[in-house]
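K.L.:
Here it is: the structure, laid out below.
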Amino acid sequence: MSIIFQHARIFDPAVNLDTIGSVRVLDDGRIDTIAEGLDPISSAADGQVIDLDGRLLVPGLFDMHCHFREPGQEYKETLASGSAAAAAGGFTGVALMPNTRPVIDSPLGVAYIRHHAAGLPVDLEVIGAMTVESRGETLAPFGKFRSYGVTTVSDDGTAIQNTQIMRLAFEYASNFGLLIIQHCEDKTLTAGGVMNEGRFSTMLGLKGIPDAAEAITLARDLELMRYLQQHKLHDPLNPPRYHVAHISTKAAIDLVRQAKHDGLQVTCEVTPHHFTLTDEDLFNAPAKGNYIMKPPLCSKENKQALLEAIADGTIDAIATDHAPHAAHEKECSPDQVSFGITGLETAVGLTITELVQKGVITLNRAIAMLSINPRTIMNLPPVRIQKGEVANFTIIDPSVNWTVKGEAMLSKSANTPFIGRSLIGRATGIYHKGTYIAAPVL
């Protein structure tokens, strides 16, 4: 059955498309017609018509940093529940980090995810582990990952601490054209830490995590990149590609900015909770659990540096680091809390509320950071709103006011500090894999 999206603001930054019109998708899932203007496209007798009433129709959003917990911790999230949460948040694709139980450190794990993802409404891209069991000691089989279509490797949740192993990871990833995503953390500095080290951690009597831990690991990795690119990984070999996960400090941003200036293939992402909250919010929160994550909520000064880096383009993408946990893992003493929060269902609202409405970035850039850039960074096929392309859309109402409600979330977990918060802008549906899915009515 064909479907027509009428009276849409058709918006695709990659092809400079911003027009009021309608889009018809044929029953094979391909875009047949893009018509500008208010006149509706005539529909077939068995066709479906959805009037968007001026809402945005954009390339399907993609979150390059998620945890769906399956296999091994299905009580927190499953591939099915995580996909439902992604669709509700407007994402037509996500990339899954490998720190499941067992770790996705072999093609067998990749095959498991793909088999169970086949009938789900969103694309699930698998990120392979950099080292066996993510222990940082022995490299995972990068070549086999590549033969299974994996484009990216990471030991997310723990950085490789051994510099020689990290060097080998760069070399082998480069040989197979793989992107490395690094969770930058010097664990000798962060061990036992709960929140950002500073006056708020001192007043709460909680062990702090120094923000230097992020920059120290990042500086080591960038120096390795420079060395290898100068002495080994240059034409005709591939230069290394490196992505900084959930960047959170000014020192790390300055390092990325300089690396880009120097011509290194370095990109980075920011989470909505890091550009929205600070360690003072954790200090003031009656219940601390949903404000505890890694990297920790930063100082006001670091948050301002993040906003400036988002505005000037140093930060390339917005990713949620969606990390569901059961209630008992968050409703406990701060030094026992599991790190991380959910984020898929609040990302669009926080981006529009905190970045677009406040003039930090344009709507055009917001869509690029949520859709186009993540796929480009991971070397995935682009999504375009053009005649003949496979339809992959997110529908967004950028002006709707809504309140985050835990009971309305489709994730199995609702460990978010944003419950009860009023936001502007929300995804109201997706069209992907030949199916239209409307977001839950709030």
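What follows draws every value from the coordinates through simple rules; no lab data is involved. What you see is a predicted model; the values in this text were computed from it and never measured. Every residue, glycine as well, gets a Cβ built from its backbone with ideal geometry; the counts of neighbours run over all protein chains shown.
K.L.:
Putting +1 on Lys and Arg Cβ atoms and -1 on Asp and Glu Cβ atoms, find which of HIS243, PRO272, ALA213 reaches farthest to the positive end of the dipole of region 171-321.
P.N.:
Positive-end residue among those listed: ALA213.
K.L.:
Given H placed on each backbone N at 1.01 Å, which residues far from GLY429 in sequence or on other chains put an amide H within less than 5 Å of it?
P.N.:
Under 5 Å from the amide H of GLY429: ILE395, ALA439.
K.L.:
Here is a further query. Name the long-range amide H neighbours of GLY157: under 5 Å, sequence gap of 5 or more, or other chain; modelled H, no Pro or chain starts.
P.N.:
The list, which skips near neighbours in sequence, is HIS183.
K.L.:
Now for a separate question. Can you tell me the FRET efficiency between GLN304 and ALA212 if r is taken as the Cβ-Cβ distance and R0 is 22 Å, rounded to the nearest 0.05?
P.N.:
0.75
K.L.:
Okay, moving on. Taking the chain as a Gaussian network, where each spring joins two C-alpha atoms under 10 Å apart, which residue of MET97, MET409, MET130 fluctuates the most?
P.N.:
Its mean-square fluctuation being the largest, the pick is MET409.
K.L.:
Sticking with this structure for a sec: Shape call for region 158-261 from the C-alpha gyration tensor, a ≥ b ≥ c root eigenvalues: rounded (a/c under 1.5), prolate (a/b greater than b/c) or oblate?
P.N.:
Taking the square roots of the gyration eigenvalues as a ≥ b ≥ c, region 158-261 is prolate.
K.L.:
Roughly what would the spin-label model give for ASN175 and HIS328, points 7 Å off Cα along C-beta, in nm?
P.N.:
It is 4.6 nm.
K.L.:
So, one more: Pulled fully out, how much extra length does the chain show between GLN258 and THR188, if you take 0.36 nm times their separation in residues and subtract their Cα-Cα distance?
P.N.:
22.6 nm
K.L.:
Here is a follow-up. Rounded to the nearest 500 deg cm²/dmol, what is the calculated helix-only ellipticity per residue at 222 nm for the chain, with -39500 (n - 2.57) per DSSP H run of length n ≥ 4?
P.N.:
For the chain, the value works out to -7500 deg cm²/dmol.
K.L.:
Sticking with the crude label model, points 7 Å out along Cα→Cβ, report the distance from VAL390 to TYR436 in nm, one decimal please.
P.N.:
2.1
K.L.:
Turning to a different aspect of this structure: Two decimals is fine: what is log10 I(q)/I(0) at q = 0.12, 0.13, 0.17 Å⁻¹ for region 291-442, from a Debye sum with one equal scatterer on every Cα and no solvent?
P.N.:
-0.60, -0.71, -1.19
K.L.:
Something else now. Principal axis extents for region 195-343, Cα atoms only, whole Å, descending order, please.
P.N.:
Principal extents (Cα only, largest first): 56, 29, 26 Å.
K.L.:
Then there is this: Checking the a/c ratio against 1.5 first, then a/b against b/c, what shape does the Cα gyration tensor give for region 90-239?
P.N.:
In terms of gyration-tensor shape, oblate.
K.L.:
Which residues in region 154-196 place their backbone N less than 17 Å from a point set 7 Å from the Cα of GLU223 along the Cα-to-Cβ direction?
P.N.:
Output list for this probe position: 160-168, 170, 184-189.
K.L.:
How much length is gained on full extension from ALA251 to LYS405, taking 0.36 nm per residue of separation minus their Cα-Cα distance?
P.N.:
Fully extending the segment from ALA251 to LYS405 adds 51.9 nm.
K.L.:
In whole Å, how far is the Cα centre of region 297-346 from that of region 392-409?
P.N.:
A separation of 19 Å, based on Cα centres.
K.L.:
Another question, if that's okay. Using modelled backbone amide H atoms (1.01 Å from N, in-plane), which distant-in-sequence or interchain residues come within less than 5 Å of MET195's amide H?
P.N.:
ILE209
K.L.:
Apply the Karplus parameterisation 6.51 cos²θ - 1.76 cosθ + 1.60, with θ equal to phi minus 60°, to every residue of region 356-367 and state each ³J(HN,Hα) to the nearest whole Hz, in sequence, with x for glycine and proline.
P.N.:
Computed from phi, the couplings for region 356-367 are 6, 4, 8, x, 5, 9, 7, 4, 4, 5, 4, 5 Hz.
K.L.:
Then there is this: Given points 7 Å out from each Cα along the Cα-Cβ axis, report the ARG421 to MET203 separation in nanometres with one decimal.
P.N.:
2.0
K.L.:
Here's a follow-up. Given the convex hull of the Cα atoms of region 1-53, what is a quarter of its surface area in nm²?
P.N.:
The number I arrive at for region 1-53 is 3.6 nm².
K.L.:
In vacuo Debye scattering of the chain, one point per C-alpha: log10 I(q)/I(0) at q = 0.06, 0.09 Å⁻¹?
P.N.:
Log10 of I(q)/I(0), two decimals: -0.24, -0.55.
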